1. Taking amide hydrogens as modeled 1.01 Å from N in the peptide plane, which residues meet the under 5 Å criterion relative to E124, leaving out close sequence neighbours?
2. Modelled label-to-label distance, N94 and L173, 7 Å Cα→beta-carbon offset: nm?
3. Using θ = phi - 60° and the Karplus relation 6.51 cos²θ - 1.76 cosθ + 1.60, list the HN-Hα couplings for the stretch 272-278 in order, rounded to whole Hz, with x at every Gly or Pro.
4. What list do you get for D329, D357, D73, D266 if you sort them by fewest beta carbons within 10 Å?
5. Provide the per-residue ³J(HN,Hα) series for the stretch 61-71, in order, calculated from phi with Karplus coefficients 6.51, -1.76, 1.60 and θ = phi - 60°, each as a whole number of Hz, with x at glycine and proline positions.
6. Could you tell me which of P198, A338, V57 has its Cα farthest along the dipole of the chain towards the positive end, charges placed at Cβ (Lys, Arg +1; Asp, Glu -1), taken about the Cα centre?
7. The chain: longest stretch without exposed GluC sites (Glu not before Pro) (DSSP loop, at most 16 other Cβ within 10 Å), sites themselves excluded?
8. Would you compute, from DSSP H runs of 4+ residues alone, the mean residue ellipticity of the chain at 222 nm, taking -39500 (n - 2.57) per run and dividing by the full residue count, rounded to the nearest 500?
Amino acid sequence: MSLILAIETSCDETAAAVIEDGHRIRSNVVASQIELHRPYGGVYPEIASRQHVYDIVPVIEAALADSGAAWDDLTALAVTRGPGLAGSLLVGANTAKAIAWGRGLPIIGVNHLEGHLYSNWLDEGGKIVPAAITRPSPAELDAAGRAFPLLVLIVSGGHTEIILMEGHGRYRLLGATLDDAAGEAFDKVARLLGLSYPGGPAVQKAAEGGNPTAFDFPRALTNYAIQAEHRFNFSFSGLKTAVLRQVRELGNDPATGTVATLPVADLAASFQAAVVDVLVMKTADAARTHGVARICVCGGVAANKALRQAVAERLPVPASIPPFFLCTDNAAMIGTAAHYRLLSEGPSALDFDVEPDLALQVER
Ligand code: KG4
Ligand code: ZN
């Protein structure tokens, strides 16, 4: 049996989990720092790393206690090595290395994005994924030839990418955002509308009573007749500017301090609809173009209700999307990604460094 203790500290959640055989969550503990960063309207890096130092040991101890496993039962350590905030990543990486060194266990440095992607492999993570995709070993999977290629849409605070997953650890990048990530757009628009941090959930909540067709916000890079090379790419900075322009037109100008009563619900709903539209439109197009049988959606923005509904209704092939608690940052997803990395490539060297700008290793 494989029993991996996984640690995630790339941003503002201190998280630890114990994962059995790559798919079963024995424990999953997340200490969120949201309240600490709220007064700053975003993650304050120094505060984040200091809080990780306070929380990391109790979080790991809680994850081990919840799992019912003893230190001696563990077979490997896994930790996020990037991308993320350098100071935050270091806390998790050094703690994991110390445990691995002290207990003579292998360690696997995991790409955070690969973690999000593998959230779909967890038992609780892929409710729509049939057992045939979640349970068998990589060899069985590949032999069955049914799981791959998969199409993956990663939508997080720092990334928006469409990836063709051809096998475990084998990724082909089909498209990415040219500017802001989808989550970043939610966070920026939340600020424009005077909503609280974190922006994604705040915009979603504000949009609940709003009319998604009240404002006709742009769907960028969807005119393939003139933008063929951007067929699977995204751009959200123009959308953010369009919301800003609309807010100003309605009489509210942050630059001059003029404040009008804004139709926040309609603005939020119309913005959200524009983001969801392009995400789903391009994912559906990529799925058809590449003839995949299945789609996985993951990352913090996958927690968005409007996106979840559109994924369920508007994609041409079955799609899996993890439950809310596995969409936002957690260590369970790092443990399952590590399980497959360990099988395919073996452990990392103990002297690996954190990489704040680490990209997903893609084949072109
Ligand atoms: O994956 P994640 O937890 O961290 C990164 O790896 O970036 O994603 C965080 C992002 C933030 O931008 C947050 O606003 C967004 O995910 N987010 C949402 C929702 N929940 C989180 N965006 C839209 N709707 C949500 N319900
Ligand atoms: Zn994340």
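Read the figures in this text as sums done on the coordinates, not as results from a lab. Model, not experiment: these values are computed from the prediction. Here the Cβ is made from the backbone with ideal geometry for all residues, glycine too, and neighbour counts use every protein chain on show.
1. Those lying under 5 Å, H to H, from E124 are I25.
2. Reported label-point gap for N94 and L173 is 3.1 nm.
3. With the stated coefficients, the stretch 272-278 comes to 4, 4, 5, 5, 4, 4, 5 Hz.
4. Result, fewest neighbours first: D357, D73, D266, D329.
5. 4, 5, 5, 5, 4, 4, 6, x, 8, 9, 3
6. P198
7. 209-364
8. Rounded to the nearest 500, it is -13000 deg cm²/dmol.
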